[in-house]
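The values are calculated or read from the model by the stated rules, or taken from the named source; none is laboratory data. This structure is a prediction, so every number in the text was calculated from the model and none was measured. Because the Cβ atoms are built from the backbone with ideal geometry, glycine has one as well, and the counts that use them run over all protein chains shown. Remember, those area values only see protein heavy atoms, side chains included, never the ligands or the DNA or RNA. Shrake-Rupley method; radii C 1.70, N 1.55, O 1.52, S 1.80 Å.
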Amino acid sequence: MTRIAIVGGGITGLATAHALAARGASVSLFEARRLGAMASTWTLGGVRQSGRDPAELPLARAAIERWSRLDDVLGAPTGYRRKGNLRLARTEAEVEGIRAMVVAQRARGLSLEFLESRADIRAIAPAMGEAVLAASFCPSDGHADPEMTIAAYATALSRAGVTIGEGAPVQRLVTAKGRVTGVQTVAGIVEADAVVLAAGIHAPALLAPLGIDLPMAAKRVCVLRTVAAAPAFEQVFGVANADCAGRQEIGGAFRITTGIGDWPGDPARWTEDALRPPLSTITELIDRTVPLLPLLAGLGLERCWGGLIDLTPDALPVLDAPPEWPGLVIGAGFSGHGFGIGPVSGEILAALALREATPFALEPFRLARFASLSEQAPLTLHG
């Protein structure tokens, strides 16, 4: 039986473990804190195709099909709802940007509408405010509940016999005779036929001793949640310049996120207190979102928190098995939009670990691409 060690307990690591267990592999997963401790639970929970990079769009389109049956596959609810995604324009310049995005993505086969008036927008989302001039609408996009999704995967993995270690940081990747052969934890060495590194912002430090440079910046996104309100908004919304996004959760609370910002701390030593947003950030977020959804002005604030994004230079993830290190598979650098494609990323990484073919074109996600990149690409949308 093939032995696989997975480093990282976010949705990517969990989905990879699930795909491997389904293929009969013996899987051990190691998470330094708790499952979903970082991006997989602080995230907005969007499951979208719209606004994706062309290289990532095939993965996102395939993911929609996976999400539609994921509750049945995992045997537990994920909170997935297919209610659409709105990307909003607030200025005339943003209107033209949204219009161009719709044209480009339609040309790639995505069903996407351009809503060119407030009346068109309100026909879909009556709660939208006067600040919105136009929008794109992708009806096949949706969202899931991050906490429910992580719990559903955990339940399914336990049932499948996957060994899960929480509070079990991996100290190093173990190598022998030019290949990766396992992981070192505080409890000792765990041998494996392949190691899948899905550790987000912690991946570069684990790769460095192998001479692998994974360029990545740790960026912060701040999130607020309101108290519960009556159902009023079904879609996920984002804006043209990506400085805020949001949705209404199943329980009625609104979850609203900022754009990305710098975080000067050490990614290896983040704490929830250190990532919590300052009042000025929350005030700015409220000022941006209330004109979009005026009903937010009357809701109480339940909680706010922050999370880190593992941003690569081109804002695309690495999905690769570097040939110079047999036995190593990397799934990291999802740049704030890995949740929605998690089920498909897991399938890809499982195939790489088992040295099987995958139907997806992986050239845009190879580690070697960074050698020819000269500048940081903007992150146009997260979630």
Check which residues have an amide H placed less than 5 Å from Thr185's amide H, if you skip close sequence neighbours. Gln171, Val190
Considering Cα pairs under 8 angstrom that are at least six residues apart, work out the relative contact order of the chain and quote it in whole percent. 24
Run the dipole for the stretch 135-223 about the Cα centre, Lys and Arg Cβ at +1, Asp and Glu Cβ at -1, nothing else charged, and hand back the magnitude in debye, nearest 20. 280
What residue among Gly161, Gly307, Gly346 shows peak mean-square fluctuation when the chain is described by a Gaussian network model with Cα springs under 10 Å? Gly161
Over the Cα atoms of the chain, Rg to Rh with Kirkwood Rh, two decimal places? 0.96
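If you wrap a convex hull around the alpha carbons of the stretch 229-328, what volume per residue comes out, as a whole number of Å³?
Cα convex hull per residue, to the nearest whole number: 173 Å³.
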Expected 222 nm ellipticity per residue - DSSP helices of 4 or more, -39500 (n - 2.57), all of the chain, to 500: -7500 deg cm²/dmol
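Please compute the volume of the convex hull spanned by the alpha-carbon atoms of the stretch 155-247 and report it per residue in Å³. Each step should come with its number before you reach the end.
Values: hull volume 18.7 nm³, N = 93.
Given the Cα convex hull of the stretch 155-247, per-residue volume reads 201 Å³.
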Per residue value of the accessible surface for the chain (all protein chains in place, 1.4 Å probe), Å²: 39
Expected field for Glu234, accessible surface area in Å² at 1.4 Å probe radius, rounded to 10, holds 100
Once amide hydrogens are built 1.01 Å from N within the peptide plane, the residues lying 5 or more places from Glu302 or on another chain with amide H under 5 Å from its amide H are Arg225, Thr226, Val227
Give me the distance between the Cα centres of the stretch 29-54 and the stretch 123-145, rounded to whole Å. 22
Solvent-accessible surface (1.4 angstrom probe) belonging to Met216, in square angstrom, nearest 10: 50
Residue among Ala203, Ala245, Ala368 with the largest mean-square fluctuation in a Gaussian network model of the chain, springs linking Cα atoms under 10 Å: Ala368
Charge dipole of the chain about the Cα centre (unit charges at C-beta), most positive-ward option of Ile124, Gln49, Met148: Met148
For the stretch 58-64, Karplus couplings with θ = phi - 60° (6.51, -1.76, 1.60), whole Hz, Gly/Pro x: x, 5, 5, 5, 5, 5, 4
Using the Cα gyration tensor of the stretch 23-169, the equivalent ellipsoid's semi-axes, largest first and to the nearest Å, work out to 36, 16, 14
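Please list, by residue number, every one of the trypsin sites (Lys or Arg not before Pro) in the stretch 139-213 that is coil in DSSP and has at most 12 other beta-carbon atoms within 10 Å.
On the way: sites: Arg159, Arg172, Lys177, Arg179; in loops: Lys177.
Qualifying residues, ordered by number: Lys177.
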Table column - 3J(HN,Hα) (Hz), the stretch 311-317, Karplus curve with 6.51, -1.76, 1.60, x for Gly and Pro: 8, 8, x, 10, 6, 10, x
Förster radius 22 Å - calculated FRET efficiency between Leu279 and Arg303, Cβ distance, rounded to 0.05: 0.95
Report, in debye and to the nearest 20, how large the dipole of the chain comes out about its Cα centre when Lys and Arg carry +1 and Asp and Glu carry -1 on their Cβ. 560
